[in-house]
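What follows is a set of notes on a single structure, which appears directly below.
Read-outs throughout are calculated quantities, based only on the coordinates presented, and are distinct from any laboratory measurement. Keep in mind that this is a model prediction, so the values were computed, not measured. Here Cβ is always computed from backbone atoms with ideal geometry, including for glycine, and neighbour counts include all displayed protein chains.
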Amino acid sequence: MSPDPKDSITPTPRERELMMLIARGLQNKNIAYELKISENTVRAHIGNIMRKYRLQNRTQIAIAFALHAAPLSLRRNLARADRRPPAPKPAQAPAQSPGVQTATD
């Protein structure tokens, strides 16, 4: 199996800054203020990040940043968790038989 292309692309320092601010929940205007750039430039960076990593929204950017910033041991554990078989479904309570009636007022 070939590695995921998203894993082989490393964010630039500026992309990491922007991704961190998105992960902190900042709006575009606050990101622009923090980085001393225009809101249009922030939008352009966000669009570039989404295209580069094939992401669809800000939440995915925040998750990508968190995973990239996580220690290697945690990333390995998360990767292993993806390969575990699904947990068995809990047993369902037996259905009441139609002949049993409950008391009514």
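Using a cut-off of 14 Å between beta-carbons, work out the net charge of the residues near residue 41 (Lys and Arg +1, Asp and Glu -1, residue 41 not included).
Net charge in that neighbourhood comes out at 0.
So who's got an amide H within less than 5 Å of the one on residue 27, skipping anything under 5 residues away but keeping other chains? H placed 1.01 Å off N, in plane.
Amide H neighbours of residue 27, under 5 Å, 5+ apart: none.
Could you work out the pair-distance distribution P(r) of segment 32-71 from its alpha-carbon pairs, with 5 angstrom bin width and percents rounded to whole numbers?
6, 23, 23, 22, 20, 5, 1
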